[in-house]
1. Calculate, for the stretch 140-283, the solvent-accessible area per residue in square angstrom, rolling a 1.4 angstrom probe over the heavy atoms of the protein chains.
2. Under the Karplus relation 6.51 cos²θ - 1.76 cosθ + 1.60, θ = phi - 60°, what is the ordered set of whole-Hz ³J(HN,Hα) values for the stretch 83-95, x standing for Gly and Pro?
3. Where does each of 269-281, 24-36 land if you order them by average Cβ count within 10 Å, highest first?
4. Could you tell me what % of all Cα pairs in the stretch 96-162 have separations over 20 Å?
5. How big is the stretch 143-246 by Rg and Dmax over its Cα atoms, in Å?
6. Quick one: what does P(r) look like for the chain with 5 Å bins over all Cα pairs, in whole %?
7. In whole Å, what is the distance between the alpha-carbon centres of the stretch 207-228 and the stretch 120-169?
8. In what sequence, highest mean first, do 192-203, 84-95 appear when ranked by Cβ atoms within 10 angstrom?
Amino acid sequence: MTFTTRFAPSPTGPLHLGHAYSALLAYDMAQAQNGTFLLRIEDIDQTRARDHWESQIHDDLAWLGVSWPEPVLRQSDRMNFYAQALDILWERGLLYVCDCTRRDIEAALSAPQEGVPRYGPDGLIYPGTCRTRHPRTGPRPTDKPLRLDMAAALRHLTKPLSYKENGLNAGQITCGDLVTTVGDIVLARRDMGTSYHLSVVVDDTAQGITDVVRGADLAEATMIHVLLQKLLDAPTPAYYHHRLIRDEAGKRLAKRDDARAISKYRAEGTSPDDIRAMVGLRP
């Protein structure tokens, strides 16, 4: 298969040096493999997505020398595909309605058990309060949050989950105990109708992504994505989790860190080659 990767920012703020490193690394890898680099706009959170940030993403990447085929996939245009995936999981009895607020979850976890982690890749590990509270029959509810019954999902597997890692900690990675370390994650949020985990798996499949290049901060979430791929009969790409770009204090960059925004460097006369050097890539 042709090497195909993607850079998938959310249009909720300016691109910074960390984004530049990830995009350039993925683009360089695609060029070296005579493959394809895709841009994807992950805008399922319409309460925060802004058109001007999306336009700036295009401008900043083009200035860096990155190009991609058009049209660009935009997640807000693909809600029906996420709904189809949710229907499959619902019909298999793997989803359930959850009415809990964050405060409810925190209260239920107020007396943590020794040796049991409190947080996983999706935040607080849900204690399963609603797992048997609501029926899982009839049409899939579209106006309520839906969680994945992790234990039931794992029973659908015929062999242990694993994936190929080509970046940090390279090798064949076997996923651990997802019931304990991940828990029943939300796959459909009330305000979005989907979730990051579900949409990224559906879109990677639709776009034929063979290699996912992204920051090490998302490495822990990969086990969730590999599980969803198996449940939806989708192929599992290879993963390349790369180092994070950090500030002088060692803190990883965030979108609120405007001091390191690509647009600011551009305005100050920095060149694309300068940016490459700053993030440790050869011009």
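1. Per-residue accessible area for the stretch 140-283 comes out at 48 Å².
2. 4, 4, 5, 4, 4, 4, 5, 5, 5, 8, x, 9, 10
3. Going from most to least packed, we get 24-36, 269-281.
4. 40 percent
5. Looking at the stretch 143-246, its Cα Rg and Dmax stand at 13.8, 41 Å.
6. Values per bin, smallest distances first: 1, 5, 11, 15, 17, 16, 14, 10, 6, 3, 1, 0, 0.
7. So the separation of the two Cα centres works out to 16 Å.
8. For the peptides 192-203, 84-95, the packing ranking is 192-203, 84-95.
The values are calculated or read from the model by the stated rules, or taken from the named source; none is laboratory data. A quick note: this is a predicted structure, and the numbers were derived from the prediction, not measured. Please note: Cβ atoms are built from the backbone with ideal geometry, for glycine as well, and neighbour counts cover all protein chains shown. Side chains included, ligands, DNA and RNA excluded: accessible areas come from the protein's heavy atoms. Shrake-Rupley method; radii C 1.70, N 1.55, O 1.52, S 1.80 Å.
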